[in-house]
Amino acid sequence: SDAICNFVICNDSSLRSQPIIFNPDFFVEKLRHEKPEVFTELVVSNITRLIDLPGAELAQLMGEEDPKLPGANSTASGFFRSLMSLKRKEKGVVFGSPLTEEGIAQVSQLIEYLHKNLRAEGLFRVPGNSIRQQILKDALNSGTDIDLDSGEFHSNDVATLLKMFLGELPEPLLTHKHFHAHLKIADLTLFDEKGNKTSTPDKERQIEALQLLFLILPAPNRSLLKLLLDLLYQTAKKQDKNKMSAHNLALMFAPHILWPRNVTANDLQENITKLNNGVTFMIKHSQKLFKAPAYIRECARLHYLGSRAHTSKDDLDLLTSPASKELQPLKSQKRSRLDTCHQEETQQRTEEALKELFRHVHNMPDSAKKKKLIRQFNKHPTALTPGSDVPTSPAPRRTRSRSFSGLIKRKVLGTPVILERKSRDATPEPERVSKENVHLLQKCGSPAHTSQAKLKSLEGRKEESCRRMRAHLLSKDSSSL
């Protein structure tokens, strides 16, 4: 049946490797069930694009008017018409009743059995035993279980009973409303180079029109029609055994699934050939007729996921035209430019945030934490100073002095010597003066006034202090060393 796919979350690890089945017509069926009016309007608008339906026939297709069928106004009553009316007076649970899911479930047993017995010669043409058929019919009407594989029934009994079920429906399987549309589909032919109609059938347009027409069939009718046409298709594939071609099968089933009820062959006249050929075409192409056209799928998908809804195939053709295909490289280039702009914008925001953070750190009071943060900024390649607008190359990292002399001076003096930062534009000196020498110079004034004796005494005092503090520092300040 045309049920909407259900998505189930499976927690069983052994089943996760199984392939996921996805219904390509999911959005089509969703639209059919949730918004039938929108769905019908979408399908009918495309049907009228393929076949010419005057106002009265279109109203009949939409169900706005009662269908006007051949022989409906005729006062002549033949024996054949009276006999068919008498047959339909005896209504059962399955036979003679309107099509229901229960009736389909019962009849599907016959179809499954016939799939296993397609080699019987003259299948659907040779009648079976009437007594066995009545027993089988009563069993189906009562809803009892039937064992068709027991050998009690013959395949011809089952095939004849299937035709009987279809013939006793209140209206044909393809419905009275669709009768005129099927006649118009049979007239779809190709055009020559000059635009004149030819006698060659336009198979592609016929398949497309039948796909659309089957979409607006009632759900029970569509389900049973799919089962039936698939059975007839498989039967025709075995015609070398059963001697039943697609055309022979169409002659057997056209009166039951397409002809209007209570009409004779004289009422149909020249339309009989069209109807028989139409059923033959359905049997041959049955594997394609129950798939929604691609543009209907796209319209249904856009109805739920997209902001723009397309109402016909022509609108979608514009999207897949050669001109639109040429625009695909331009679209990809535009997308890459947008990605580049997005990256640049992100980088700019990051740099602004770094600048703001650097200003905050710079305004902090002097402390070990501030120096540590500044060193981390200097490690970053895109670190910014508070006053700069563009990233500059990081300043060369000054290696921390690990000498014992510097350590002793820090311990003795208590506070490190603070040097003023030179300007970025200043030319660096070729020789860097060590921090210890700068401290000595600041203590003693200038090198010219510093005597050599004082320097020697300072060096001796430094070495003596170094020896005294070595052991103590190694034990307590190992982490700083």
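The values are calculated or read from the model by the stated rules, or taken from the named source; none is laboratory data. As the structure is a computational prediction, the values presented were derived from the model and not from experiment. Cβ placement follows ideal geometry from the backbone for every residue including glycine, while neighbour counts extend to all protein chains displayed. Only protein heavy atoms, including side chains, enter the accessible area calculation; ligands, DNA and RNA are left aside. Shrake-Rupley method; radii C 1.70, N 1.55, O 1.52, S 1.80 Å.
Using a 1.4 angstrom probe on heavy atoms only, work out the carbon and sulfur share of the accessible area of the range 118-203 in %.
Summing carbon and sulfur atoms, their accessible area is 50 percent of the total for the range 118-203.
Going highest first, how would you order 294-304, 265-275 by mean Cβ packing within 10 Å?
Working: 294-304: 18.9, 265-275: 14.5.
Top to bottom by mean Cβ count within 10 Å: 294-304, 265-275.
Express the accessible area of the range 184-261 per residue in Å², computed with a 1.4 Å probe while the remaining protein chains stay in the model. Present the calculation step by step, with values, prior to reporting the outcome.
Details: 3420 Å² over 78 residues.
Per residue, the range 184-261 has an accessible area of 44 Å².
Subtracting the Cα-Cα distance from 0.36 nm times the residue separation, let me have the gained length for residue 138 to residue 194 in nm, one decimal. Walk me through the numbers before you get to the answer.
Numbers: separation 56, 0.36 × 56 = 20.16 nm, distance 6.02 nm.
Additional length available on full extension: 14.1 nm.
By per-residue mean of other Cβ atoms within 10 Å, what is the highest-first order of 156-165, 233-242?
Details: 156-165: 20.9, 233-242: 16.1.
Top to bottom by mean Cβ count within 10 Å: 156-165, 233-242.
Probe radius 1.4 Å, ligands and nucleic acids left out: which of 364, 282 has the largest accessible area, and how do the rest follow?
Working: 364 45, 282 5 Å².
Result of the area sort, largest leading: 364, 282.
What net charge do the residues around residue 118 carry, taking every other residue with its C-beta under 13 Å from that of residue 118, with Lys and Arg at +1 and Asp and Glu at -1? Mind showing how you got there, number by number?
Details: positive: 116, 119, 237, 238, 241, 243; negative: 112, 121, 230, 240.
With Lys, Arg at +1 and Asp, Glu at -1, the neighbours total +2.
Per residue, what accessible area does the range 92-170 have, given a 1.4 Å probe and all protein chains present, in Å²? Each step should come with its number before you reach the end.
On the way: 3630 Å² over 79 residues.
For the range 92-170, the solvent-accessible area averages 46 Å² per residue.
According to the Kirkwood expression over distinct Cα-Cα pairs, how big is the hydrodynamic radius of the range 92-170, in Å? Could the numbers behind the result be given before it?
On the way: mean 1/r = 0.0794 Å⁻¹.
Computed over Cα pairs of the range 92-170, the Kirkwood hydrodynamic radius comes out at 12.6 Å.
Which FRET efficiency value, to the nearest 0.05, do you get for residue 238 and residue 343 by plugging their Cβ-Cβ distance into 1/(1 + (r/R0)^6) with R0 = 51 Å? Kindly include the intermediate steps, with their values, before the conclusion.
Working: r = 65 Å, r/R0 = 1.27.
E(calc), rounded to 0.05, equals 0.20.
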